[in-house]
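Some notes on the structure that comes next.
The values are calculated or read from the model by the stated rules, or taken from the named source; none is laboratory data. The structure displayed is predicted, hence computed values, not measured ones. Backbone-built Cβ (ideal geometry, glycine too); neighbour counts: all protein chains shown.
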Amino acid sequence: MAQDAFPNIEVKTLDGQTVNLKDYTGKGKITLVDFWATWCLPCQKELDVLADLYPDWQEEYGVEIVAVTLDTRRALAKVAPMVETKGWEYTVLSDTKGNAQEALSFQPIPQVFLVDQNGNIVYAHTGFEMGDEEELEEIIAKLAKK
């Protein structure tokens, strides 16, 4: 995959503050940006697996995970309770306007982008099956050694 800089994408925090997704990437850290929705069961499975791995990945590789929900404004009320119930410890943001799908040209979710320490997209993956996280970790490990 060509190394493209992660674009400026306006999203919101769960309490409604406007932020730029690009501000969460680069800055010397590897960032995994995961797009999901409350109605998407593969998304939830993926985020559960990532939640289990997150403490180790943070410790070993200094990885940050940012999960961006694509739920509509109406469905947004379900997001915070789901995050709390599942105990997801990473940053959760919301994109009710579909800015990210337009800027990054993707449709189905879950959709993962791995962003290197310099803010470049180095890997993208659509969908989730058990085992995908192992491939992800291999790539993260290589990036961490650079």
Odd one out for THR72, checked against (1) part of a loop (DSSP other than H, G, I, E, B); (2) in contact (Cβ under 8 Å) with a residue 40 or more places away in the chain; (3) of a type in the set (S, T, N, Q): (2)
Candidate set from region 92-117 (those that are touching a strand residue (DSSP E or B) at 6+ places or on another chain (Cβ under 8 Å) and under 17 Å from GLY62 (Cα atoms)); member that is surrounded by the most Cβ atoms within 10 Å (Cβ to Cβ): VAL115
Residue count for region 25-46, restricted to those that are closer than 19 Å to LEU76 by Cβ and touching a residue at least 24 places away in the same chain (Cβ under 8 Å): 10
Residue list for region 1-36, restricted to those being assigned to a loop (DSSP other than H, G, I, E, B), touching a strand residue (DSSP E or B) at 6+ places or on another chain (Cβ under 6 Å) and closer than 18 Å to ALA103 by Cα: GLN3, PHE6, ASN8, THR25
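State whether the residues of region 19-41 include one that is hydrophobic (A, V, I, L, M, F, W, C), touching a Pro at 6+ places or on another chain (Cβ under 6 Å) and over 23 Å from LYS145 (Cα atoms).
Step one: of region 19-41, the residues hydrophobic (A, V, I, L, M, F, W, C) are 19, 21, 30, 32-33, 35-37, 39-41.
The next check asks that each one be touching a Pro at 6+ places or on another chain (Cβ under 6 Å); those that pass are 36.
Now drop any that are not over 23 Å from LYS145 (Cα atoms), which leaves 36.
Within region 19-41, one or more residues are hydrophobic (A, V, I, L, M, F, W, C), touching a Pro at 6+ places or on another chain (Cβ under 6 Å) and over 23 Å from LYS145 (Cα atoms).
How many of the residues in region 47-69 are part of a helix (DSSP H, G or I) and either closer than 19 Å to ASP95 by Cα or of a type in the set (Lys, Arg) (or both)? Even if it seems obvious, please write down each step before you answer.
Quick first cut of region 47-69, residues part of a helix (DSSP H, G or I) only: 47-61.
After this cut, where a residue has to be either closer than 19 Å to ASP95 by Cα or of a type in the set (Lys, Arg) (or both) as well, the list is 47.
Going through region 47-69 one residue at a time, the tally reaches 1.
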Every residue from region 118-146 that is of a type in the set (Val, Ile, Thr) and either in contact (Cβ under 8 Å) with a residue 60 or more places away in the chain or surrounded by fewer than 14 Cβ atoms within 10 Å (Cβ to Cβ) (or both): ILE121, VAL122, THR126, ILE140
Given (1) in a loop (DSSP other than H, G, I, E, B); (2) polar (S, T, N, Q); (3) over 19 Å from ASN99 (Cβ atoms), index of the condition GLN44 fails: (1)
Single residue of THR85, THR96 found to be of a type in the set (Ser, Thr, Tyr) and in a helix (DSSP H, G or I): THR85
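Out of the residues in region 99-130 that are part of a loop (DSSP other than H, G, I, E, B), small (Gly, Ala, Ser) and at pLDDT 95 or above, which is farthest from PRO42 (Cα to Cα)? It would help to see each step written out before you state the result.
Taking region 99-130 as the starting set, the residues that turn out to be part of a loop (DSSP other than H, G, I, E, B) are 105-110, 116-119, 127-130.
Filter once more, so that each one left must be small (Gly, Ala, Ser): 105, 119, 127.
Filter once more, so that each one left must be at pLDDT 95 or above: 119, 127.
Values: GLY119: 27, GLY127: 7 Å.
Among those residues, the one meeting the criterion is GLY119.
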Verdict on VAL11 being farther than 21 Å from GLU134 by Cα, under 13 Å from the mean Cα position of the chain (by Cα) and buried (at least 19 other Cβ atoms within 10 Å of the Cβ): yes
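Suppose we filter VAL49, VAL115, VAL66, VAL79 for residues that are free of Cβ contacts under 8 Å to residues at least 60 places away in the same chain and β-branched (Val, Ile, Thr); which single one remains?
Working: VAL49 fails: free of Cβ contacts under 8 Å to residues at least 60 places away in the same chain; VAL115 fails: free of Cβ contacts under 8 Å to residues at least 60 places away in the same chain; VAL79 fails: free of Cβ contacts under 8 Å to residues at least 60 places away in the same chain.
The unique qualifying residue is VAL66.
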